[in-house]
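Colleague: Here you go, one structure.
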Amino acid sequence: MTSLDLSTDRPARRHSLSLSIGLALVGLNVVVAILTLFWTPYDPLNASGGRLEAPSWLHWVGTDRLGRDYLTQIMIGARTALIVGTGAVAIGASIGVTLGILAAFATRLLDDVMAATLDILIAFPTLLLAMLVVAASDSASLWSAILALGLAISAIVARLTRILAKRVLRQDYIIASRTSGTSWLGVVAWHVLPNIWPTLSVNFALQFGLAVIAEASLSYLGLGAPPPNASWGRLLQEAQGTVYTAPVGSIAPGIALVALVIGMNLFADGLRDVGDPTRRRSR
Amino acid sequence: MSALLSVQGLTVRAGGKTVVSDLSFSIGSGERMGLIGESGSGKSMTAMAITGLLPPNISVTGSIVLDGQEIVGTEDKHLNRLRGVATAVVFQEPLTALDPLMKIGKQIAEPVRRRLQREQGRASRQAVGREVLDLLDKVALPQPERIANAYPHEVSGGQRQRVAIAMALACRPKLLIADEPTTALDVTTQAEILKLLDGLVRETGMALLFISHDLPVVAEVVQRVMVLRDGIALEEGAVIDVFANPSHDYTQTLVDAARMFDEALGRTGS
Ligand SMILES: Nc1ncnc2c1ncn2[C@@H]1O[C@H](COP(=O)(O)OP(=O)(O)OP(=O)(O)O)[C@@H](O)[C@H]1O
Ligand SMILES: [Mg+2]
């Protein structure tokens with residue numbers, strides 16, 4: 001009878017079409033990525049057919065210049081994309097949210113300095129920033145790309161967090177909570193983070209999509225994951241020379257890339273709709 | 001016996017303007033005092049100065065001693081120990097005073113948990129949950145379980161103010177500051193909330209600083225009243241004395257306005 005739910009969980013998500021489609025596209029990607037850990041149609045590193053074969057029952061998307069199965073490489077590319085997106089957003093979120101919250105609490109002068117620094121960092125194109133970081137590390141690796149993209153994302157997240165947190169901190173309920181003895185740390189944990197989360201999570205999903213594109217671009221430019229890691233960007237680059245004779249090689253990884261990014265954006269859209277209980281007037 | 005709250009020469013300056021000047025008053029334990037004055041007279045500023053929560057760009061001078069602790073110029077982390085223990089506040093606008101994304105039960109649970117922790121050294125989930133429902137019941141909210149699981153936007157304005165009162169009661173403060181707690185509500189709800197607040201304050205024996213611009217409202221709940229205009233105290237005294245023999249024109253206009261309002265409603269003067 002006296003069951004009282006004091007848990008932090010958010011209310012059940014309302015059905016949203018874009019959320020469903022987004023989740024389906026991203027989910028497919030996740031399933032494929034996990035599958036490749038145990039099984040791929042063919043050996044990704046060795047030839048399993050003739051060179052530049054057209055799609056067939058044996059090779060659904062054909063083979064590359066060295067006779068390796070294309071579908072296998074695209075599937076492994078899904079794993080790379082997921083690792084890059086997740087890693088970059090995780091780094092960007094942890095650094096960015098921390099800095100943003102600190103800036104929101106900082107004294108006027110420190111806050112101004114932080115805001116200006118972030119604006120300058122954000123003015124750099126993400127890709128250029130990432131290229132600089134990758135170029136500065138001794139060897140191009142998946143991890144330096146993730147770190148670079150994560151740092152670029154952290155600047156964007158920090159700026160957004162700072163603005164959102166400042167807006168929340170001005171609200172009456174913050175003062176009300178403070179008058180009952182909530183510490184500043186408590187205010188951040190119970191009021192600021194939950195209240196900025198709906199907007200932040202949407203931004204994280206968008207940044208995930210952008211990170212995947214940026215990694216593909218880095219790989220396309222030869223600054224991404226080195227060969228054994230298949231990346232859609234590198235597949236696109238390798239298929240460049242044969243784009244007229246074997247177009248599937250360029251089209252397939254392109255579709256995979258677009259599907260994941262669109263999926264992530266739809267997911268973000270859906271999140272925006274369901275994230276805020278005050279906007280759910282369905283009752 | 002020293003007073004629970006003693007304000008001496010309180011002056012508050014905001015943006016080059018003096019919004020409260022040289023204000024002095026005190027409130028003993030269990031005493032109920034009213035602070036009245038028109039909009040912008042510095043009532044809320046005075047209240048926030050007592051909680052020590054005015055933003056740093058607003059300067060506070062003078063002395064505010066609350067429960068033996070000087071507030072003016074004291075570090076925030078020391079003051080935080082007083083908040084919820086010595087004072088709690090009910091605000092004017094019940095919607096914005098509640099976190100829109102947190103269930104009502106959880107918002108009340110937080111101060112309850114802190115108090116149990118402080119008083120008993122432990123606060124089990126069950127004990128906190130029980131007390132939350134108890135509080136919701138005490139402020140006469142129907143179906144406490146449903147309200148506890150609702151978000152602020154899912155209950156009515158009057159119910160939200162009851163929730164805000166429950167939150168303040170959850171702290172069991174020695175002094176409750178009510179900053180125009182009924183202004184945002186319709187007349188019927190106002191009367192209900194006022195009765196509730198009055199009953200609860202008498203029952204628990206806490207002191208009350210009741211802020212309002214509405215004279216009859218103040219007269220109903222407090223013993224002593226102070227009239228404020230442009231941050232200056234015009235007069236102070238027992239409710240009956242101040243209202244029966246206002247020594248100041250400004251107070252007279254407040255009394256007249258209230259009387260005209262009563263007559264317009266067809267009520268006879270009390
Ligand atoms: N943050 C601020 N900075 C500068 N001046 C302020 C600030 N907040 C309020 N004031 C000024 O301080 C004065 C007193 O404000 P206060 O909020 O105490 O009035 P009040 O008596 O509570 O009025 P109301 O009945 O409308 O709530 C007003 O003139 C107001 O313009
Ligand atoms: Mg006010």
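Colleague: Of B:144, B:97, B:108, which is farthest towards the positive pole of segment B:97-172's charge dipole, taken about the Cα centre with +1 and -1 on the beta-carbons of Lys, Arg and Asp, Glu respectively?
Modeller: Looking along the dipole axis, the top candidate is B:108.
Colleague: Under a plain spin-label model, where a point goes 7 Å from the Cα along Cα-to-Cβ, how far apart in nm are residue B:75 and residue A:54?
Modeller: If labels sit at residue B:75 and residue A:54, their model points lie 7.9 nm apart.
Colleague: If you don't mind, another one. Can you tell me the 0 to 90 degree angle between the C-alpha axis of helix A:126-136 and the longest principal axis of chain A, rounded to 10?
Modeller: 70
Colleague: Next up: Given the DSSP H assignment, sum -39500 (n - 2.57) over each helix run of at least 4 residues in the protein assembly as shown and divide by its residue total; what's the result at 222 nm in deg cm²/dmol, nearest 500?
Modeller: On the way: 20 runs with 297 residues, N = 553.
It lands at -17500 deg cm²/dmol.
Colleague: To make sure I understand, if each residue's beta carbon is the centre and we count other beta carbons within 10 Å, what order do B:77, A:166 fall in, fewest to most? Walk me through the numbers before you get to the answer.
Modeller: Working: B:77 9, A:166 16.
Listed from fewest to most nearby Cβ atoms, that is B:77, A:166.
Colleague: Would you calculate the separation in nanometres between label points at residue B:183 and residue B:238, each defined as 7 Å from the Cα along the Cα-to-beta-carbon direction?
Modeller: Calculated label separation equals 2.9 nm.
Colleague: Could you calculate the FRET efficiency of residue B:122 with residue A:167 from 1/(1 + (r/R0)^6), where r is the beta carbon distance between them and R0 is 30 Å, rounded to 0.05?
Modeller: Details: r = 36 Å, r/R0 = 1.21.
The formula returns an efficiency of 0.25 here.
Colleague: In a GNM of chain A with a 10 Å cut-off on Cα contacts, which of A:80, A:98, A:245 has the highest mean-square fluctuation?
Modeller: Comparing A:80, A:98, A:245 in a Gaussian network model of chain A, the most mobile one is A:245.
Colleague: Sticking with this one: Between 0 and 90 degrees, rounded to the nearest ten: what's the tilt of helix A:70-105 against the longest Cα principal axis of chain A?
Modeller: The helix A:70-105 is inclined about 20 degrees to chain A.
Colleague: Calculate the mean, over all residues of peptide B:122-134, of how many other protein chain Cβ atoms lie within 10 angstrom of the residue's Cβ.
Modeller: Whole-number average of other-chain Cβ neighbours for B:122-134 is 2.
Colleague: So, R0 is 41 Å and r is the distance between the beta-carbons of residue B:146 and residue A:116; what FRET efficiency does that work out to, to 0.05? Show your work: numbers first, answer last.
Modeller: On the way: r = 49 Å, r/R0 = 1.20.
E between residue B:146 and residue A:116, to the nearest 0.05, is 0.25.
Colleague: Send over the semi-axes of the protein assembly as shown's equivalent ellipsoid, whole angstrom and largest first, taken as the square roots of 5 times the C-alpha gyration tensor eigenvalues.
Modeller: In descending order the semi-axes read 63, 25, 19 Å.
Colleague: Suppose each label sits 7 Å from its Cα in the direction of the beta carbon; what would the residue A:102-residue B:26 distance come out to in nanometres?
Modeller: That separation, rounded to one decimal, is 4.7 nm.
Colleague: Using a 10 Å cut-off on Cβ to Cβ distances, tally the other chain neighbours for every residue of B:146-154 and report the average as a whole number. Don't skip to the answer; put the middle values down first.
Modeller: Values: counts 0, 0, 5, 5, 1, 4, 3, 5, 4.
The per-residue average across the peptide is 3.
Colleague: Rounded to the nearest 0.05, what FRET efficiency is calculated for residue B:203 and residue B:130 with R0 set to 22 Å and r the Cβ-Cβ distance?
Modeller: 0.70
Colleague: In addition: Could you order the peptides A:105-117, B:237-249, A:212-224, B:137-149 from most to least packed, using the average number of other C-beta atoms within 10 Å per residue?
Modeller: For the peptides A:105-117, B:237-249, A:212-224, B:137-149, the packing ranking is A:212-224, B:137-149, B:237-249, A:105-117.
Colleague: Using the Kirkwood formula on the Cα atoms of segment B:119-218, what hydrodynamic radius do you get, in angstrom to one decimal?
Modeller: 14.4
Colleague: Report the residue, chosen from A:253, A:125, A:198, that carries the largest GNM mean-square fluctuation when chain A is represented by alpha-carbon nodes joined by springs under 10 Å.
Modeller: Of A:253, A:125, A:198, the most mobile in the Gaussian network model is A:125.
Colleague: Would you mind checking the pairs B:43/B:174; B:43/B:77; A:166/B:174 and listing those with alpha carbons more than 22 angstrom apart?
Modeller: Numbers: B:43/B:174 20 Å; B:43/B:77 25 Å; A:166/B:174 32 Å.
As for pairs spanning more than 22 Å Cα to Cα, those are B:43/B:77; A:166/B:174.
Colleague: What does the structure give for B:80-91 when I average, per residue, the other chain Cβ atoms found within 10 Å of the residue Cβ?
Modeller: 4
Here, each number is a calculation from the coordinates, and none is a lab measurement. Predicted, not measured: the structure shown is a model, and the values here were computed from it. All Cβ positions, even for glycine, are placed from backbone atoms using ideal geometry, and neighbour counts span all protein chains on display.
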